[in-house]
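Student: Input: one structure, supplied below.
The values are calculated or read from the model by the stated rules, or taken from the named source; none is laboratory data. Note that the structure is a prediction, hence the values are computed from the model and not measured. Don't worry about glycine lacking a Cβ; one is built from the backbone with ideal geometry, like all the others, and counts go over all protein chains shown.
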Amino acid sequence: MKAYPFIKELAMEAYLIENEEILKLDNRNFSEVDVLDAEIALKSGRKSADGRIDILAKYGAEYLGIVELKLKEINNHSLSQLEDYLNVKEQILSFGDYWDEEGYPKWVGVLIGDSISPQLQELLANGYEYKGIPIAGMTIRRFRSEANEIFVISDTFFKFNYTSKDFSKFHFNGESYNKGRLVNAVMKYYVELHPYITYAELKRDFPDWIQGSFGVFETFEKAEDIFLNSGHKRYYINPEETIRLNDKVISTCTQWRPDNIQKFIERSNEYGLNIEVN
């Protein structure tokens, strides 16, 4: 294969928007990615001028991510530019409906280039934070084969210092999950235990107030409509993720925070489902 680099940052940006799963940072709090917007202008976004962030992403129901793209190497200069944007991040909340969760968002910064300087790699690998905001680095390289096939290779440099309040891992039936995947696995298992349960009966057992504005689950049809109309994936809608009830097919919610996942765990454990947290 031969190197096939992105010619312009806009080409890299478009690729990431269409393949937002590449922006996943780990298998825990930063695995459910939703690109919200791109090319957002910020006043005084740079030390000497206004700026423009490349991508705004949402990670689950807790974090907004500012993503800075570089065609070449990301380094300490790139980090300084990202930090300038993080200094004026509150502007973003006044521009559009980017945050519809309860409370104030947490933030994460992401630098992406075709390579990373050794100094920045070491800094990020040790769990670097800027004013309490975790920073991640990522390299993306594109190649073309002799058969004209395109391949993209990515590496992530990120260490998040999880604490007990982050609920970093959930254990259920011998497997470990993040928040959203835990709910999906538990609901599948609960339906297996109650194979004739209806939509109304499941809503009775796991009412909407547990999650909040989106509910623990919704019909697949409504979940798909939300995605098609808004472009935002609030529920798991892939075929292997949906759950068939006696009368409907449902999709479980992806939007979970420490407070509402705790409510879900308490409810589940009332039914003897035995979820462990560490």
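Student: Would you confirm whether any residue within region 20-36 is farther than 27 Å from Phe170 by Cβ and assigned to a loop (DSSP other than H, G, I, E, B)?
Tutor: For region 20-36, residues farther than 27 Å from Phe170 by Cβ and assigned to a loop (DSSP other than H, G, I, E, B): absent.
Student: Which residue is nearest to Tyr190 (Cα to Cα), if the candidates are limited to region 234-264 and must be in a helix (DSSP H, G or I) and touching a helix residue (DSSP H, G or I) at 6+ places or on another chain (Cβ under 8 Å)?
Tutor: Of the residues in region 234-264, the ones in a helix (DSSP H, G or I) are 258-264.
Filter again for touching a helix residue (DSSP H, G or I) at 6+ places or on another chain (Cβ under 8 Å), leaving 258, 260-261, 263-264.
On the way: Pro258: 22, Asn260: 19, Ile261: 17, Lys263: 16, Phe264: 13 Å.
The residue in question is Phe264.
Student: Suppose we keep only residues that are under 18 Å from the mean Cα position of the chain (by Cα) and farther than 18 Å from Leu36 by Cβ within region 217-236. Which one would you say is surrounded by the fewest Cβ atoms within 10 Å (Cβ to Cβ)?
Tutor: Let us first name the residues in region 217-236 that are under 18 Å from the mean Cα position of the chain (by Cα), namely 223, 226-227, 230-236.
Applying the additional criterion that residues be farther than 18 Å from Leu36 by Cβ yields 223, 236.
Values: Ala223: 25, Tyr236: 23.
Filtering first and then ranking leaves Tyr236.
Student: Another question about this same structure. Taking region 73-105 only, how many residues are hydroxyl-bearing (Ser, Thr, Tyr), assigned to a helix (DSSP H, G or I) and surrounded by 15 or more Cβ atoms within 10 Å (Cβ to Cβ)? Before you say what the answer is, go through the steps one by one.
Tutor: The first filter runs over region 73-105 and keeps only residues hydroxyl-bearing (Ser, Thr, Tyr), leaving 78, 80, 85, 94, 98, 104.
If we keep only those that are assigned to a helix (DSSP H, G or I) as well, we get 78, 80, 85, 94.
Adding the requirement that they be surrounded by 15 or more Cβ atoms within 10 Å (Cβ to Cβ) leaves 78, 85.
Qualifying residue count, region 73-105: 2.
Results for (1) in the same structural domain as Lys233 (by TED's automatic domain parsing); (2) at pLDDT 95 or above; (3) over 21 Å from Glu39 (Cβ atoms); (4) hydrophobic (A, V, I, L, M, F, W, C), shown as yes or no for each residue.
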site: Val88; (1), (2), (3), (4): no, no, no, yes
site: Ser94; (1), (2), (3), (4): no, no, no, no
site: Gly103; (1), (2), (3), (4): no, no, yes, no
site: Trp107; (1), (2), (3), (4): no, yes, no, yes
site: Val110; (1), (2), (3), (4): no, yes, no, yes
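Student: Does Tyr196 qualify as being in a helix (DSSP H, G or I), touching a residue at least 40 places away in the same chain (Cβ under 8 Å), outside the structural domain of Glu32 (by TED's automatic domain parsing) and among the hydroxyl-bearing types (Ser, Thr, Tyr)?
Tutor: no
Student: Could we say that Tyr199 is touching a strand residue (DSSP E or B) at 6+ places or on another chain (Cβ under 9 Å) and surrounded by fewer than 20 Cβ atoms within 10 Å (Cβ to Cβ) here? Step through it out loud before you land on a result.
Tutor: On the way: touching a strand residue (DSSP E or B) at 6+ places or on another chain (Cβ under 9 Å): yes; surrounded by fewer than 20 Cβ atoms within 10 Å (Cβ to Cβ): yes.
Here the answer is yes, as Tyr199 does meet what is asked.
Student: Check whether at least one residue in region 4-13 is in a helix (DSSP H, G or I), more than 10 Å from the chain's Cα centre (by Cα) and either under 24 Å from Glu90 (Cβ atoms) or of a type in the set (Phe, Trp, Tyr) (or both), and report yes or no. Show your work before the answer.
Tutor: From region 4-13, those in a helix (DSSP H, G or I) are 9-13; that's our starting set.
Okay, now just the ones that are also more than 10 Å from the chain's Cα centre (by Cα), so 9-13.
Among the residues that remain, those that are also either under 24 Å from Glu90 (Cβ atoms) or of a type in the set (Phe, Trp, Tyr) (or both) are: 13.
Yes, the conditions are met somewhere in region 4-13.
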